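Working notes, beginning with the structure itself.
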Amino acid sequence: MKKILPLTLILFLQYLLANEPTLALLRNINTNTQQQLSIGEYHFICNAYGVLGTTQILERENLNESCKEQLLLFYKKNPLSSYYAKRTLHAQQLYHIDFKEQQCLMYVQGQRTLSELLLEEGLVVLKPHFKDKEFFAPFTRAYESAVFQRKGVHKDGVLRECFAEFYK
């Protein structure tokens, strides 16, 4: 009996101190990089962590008109690219999320995040000066893979110079 009590106490403390994942219910998918989620009665918008989507790219001041036209032309020629998140995610499903810098990491395939999948498909670019120690390597690998395989906006290589301006 004396040995069981300390063991029970240790197991109970581990249970209390466990870092449980935050699960959120996906309510709606606005864009590839923005989703509406809820935790209980709290509803919020989740922007993908560490990446710039089409909307954010087009709003950048240092993006010249030629680049804007090329990007809009890509989405006109490839309309399904705008709906990648709608084809990948499922409304009314719970997703594990983490909050970072007022953005969300949404885990969609085990340890893989939506940001990583979007980078891999060439539908977003890595944020300039992104230095997160935990996610820098997988995000950079996914981005470089899309560039190398000419996926998404990297298909024709035309936008390479446009994106290079972000990282100067």
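Quick note: the coordinates plus some simple rules give every number you see, no bench work behind them. Quick caveat: nothing in here was measured; it's all calculated off a predicted structure. Positions of Cβ are generated from backbone atoms using ideal geometry, with glycine treated the same way; all protein chains shown enter the neighbour counts.
Please report the relative contact order for segment 23-167, taking Cα pairs under 8 Å with a sequence separation of at least 6, and give it as a percent rounded to a whole number.
Normalised by residue count, the contact order of segment 23-167 is 26 percent.
The alpha carbon centroids of segment 40-85 and segment 95-129 are separated by 14 Å.
Modelled spin-label separation between Asn28 and Arg112, with each label point placed 7 Å from Cα along the Cα-to-Cβ direction: 2.8 nm.
Each Lys or Arg adds one and each Asp or Glu takes one away; over the other residues whose Cβ falls under 14 Å from the Cβ of Arg27, this sums to 0. The string of couplings for segment 36-50 from the Karplus curve (6.51, -1.76, 1.60, θ = phi - 60°) is 9, 10, 8, 10, x, 8, 8, 9, 8, 9, 10, 9, 4, 7, x Hz, one whole number per residue in order, with x for Gly and Pro. Can you tell me the orientation of helix 65-77 relative to the chain, as the angle in degrees between its alpha-carbon axis and the longest Cα principal axis, to the nearest 10? Relative to the chain, helix 65-77 is tipped by roughly 70 degrees. The order of Thr140, Thr54, going from fewest to most other C-beta atoms within 10 Å of their C-beta, is Thr140, Thr54. Panel values: segment 23-167, Kirkwood radius from alpha carbon pairs, Stokes-Einstein at 10 °C and 1.306 mPa s, translational diffusion coefficient 102 µm²/s. Please state the shape class of segment 113-168: rounded when a/c is under 1.5, otherwise prolate if a/b exceeds b/c and oblate if not, all from the C-alpha gyration tensor. Taking the square roots of the gyration eigenvalues as a ≥ b ≥ c, segment 113-168 is oblate.
Between the Cα long axis of helix 136-149 and the first principal axis of the chain there is an angle of about 40°, rounded to the nearest 10.
The slack between Lys100 and Lys68, meaning 0.36 nm per residue of separation minus the straight C-alpha distance, is 8.6 nm.
Give the angle, between 0 and 90 degrees and rounded to the nearest 10, that separates the Cα long axis of helix 4-17 from the longest principal axis of the Cα atoms of the chain. Its long axis makes an angle of about 20 degrees. Kirkwood hydrodynamic radius of segment 38-106, from the reciprocal of the average inverse Cα-Cα distance over all distinct pairs: 14.4 Å.
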